[in-house]
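The values are calculated or read from the model by the stated rules, or taken from the named source; none is laboratory data. Just so it is clear, the model here is predicted, and its values are computed rather than measured. Using ideal geometry, Cβ is built from the backbone for each residue, glycine included, and neighbour counts are taken over all protein chains shown. Just so you know, the surface numbers come from the protein's heavy atoms only, side chains and all, with ligands and any DNA or RNA stripped out. Shrake-Rupley method; radii C 1.70, N 1.55, O 1.52, S 1.80 Å.
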Amino acid sequence: MRIAVAIDGSENALRAAKHSIYLVKHLPEAVLELIFVVDFDKVKDDYLLTQNKDSLVLEREKKIKPVLQEAEKDHIPTTVTILKGNPSQEIIRYVNNESIDQLILGSRGLNLFQEMMLGSVSHKVMKHVQCPVTIVK
């Protein structure tokens, strides 16, 4: 069983990752996969501010490392997949093409009005993936 969790370095994503680690720990055949999407729009802005590619790589590693450390504590084998593009579109495409059995996402807890105005990655993904989705608040 392949369980994937989308992470972005936020507290919400870390909570979702901890939930996914808990699930994998209790499902003997399960494998955990971390999905991190490099958002091109944000990368361009960050690159213009830093002017240093190495600092962007370090920033990405800083967002992924806490989740890897959590998994290591429980001896959970973990793979990391890095995608590039629009986060919701890339997660949907990847999960549907790679036969993921369960997807776990963090949620910022937007109210209905905020979600309509701003959009929500978790809401968009939930509507379009072909596997069960767990959203962790």
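Just the residues that are surrounded by 15 or more Cβ atoms within 10 Å (Cβ to Cβ) and under 21 Å from residue 29 (Cα atoms), please, taken from the range 53-79.
67, 68, 70, 71, 76, 78
Pairs only if they're at least six apart or on different chains, beta carbon under 8 angstrom, first in the range 122-137 and over 11 Å from residue 107 (Cβ atoms) and in a helix (DSSP H, G or I), second modelled with pLDDT of 90 or more and open to solvent by 40 Å² or more (accessible area, probe 1.4 Å); list them, first residue then second.
128/96
Out of curiosity, is residue 71 under 13 Å from the mean Cα position of the chain (by Cα) and modelled with pLDDT of 95 or more?
no
Filter the range 9-22 for residues that are more than 12 Å from residue 66 (Cβ to Cβ) and open to solvent by less than 90 Å² (accessible area, probe 1.4 Å); which is modelled with the lowest pLDDT?
12
Determine, yes or no, whether residue 100 is at pLDDT 95 or above and within 12 Å of the chain's Cα centre (by Cα). First the steps, then the outcome.
Working: at pLDDT 95 or above: yes; within 12 Å of the chain's Cα centre (by Cα): no.
The answer is no for residue 100.
Would you be able to tell me the number of residues in the range 23-43 that are farther than 13 Å from residue 67 by Cβ and either hydroxyl-bearing (Ser, Thr, Tyr) or at pLDDT 90 or above (or both)?
Count: 8.
Find all pairs meeting these conditions: Cβ atoms under 9 angstrom apart; at least six residues apart or on different chains; first residue within the range 55-76 and over 17 Å from residue 13 (Cβ atoms); second residue among the aliphatic types (A, V, I, L, M).
56/38; 56/43; 73/21; 74/21; 74/24
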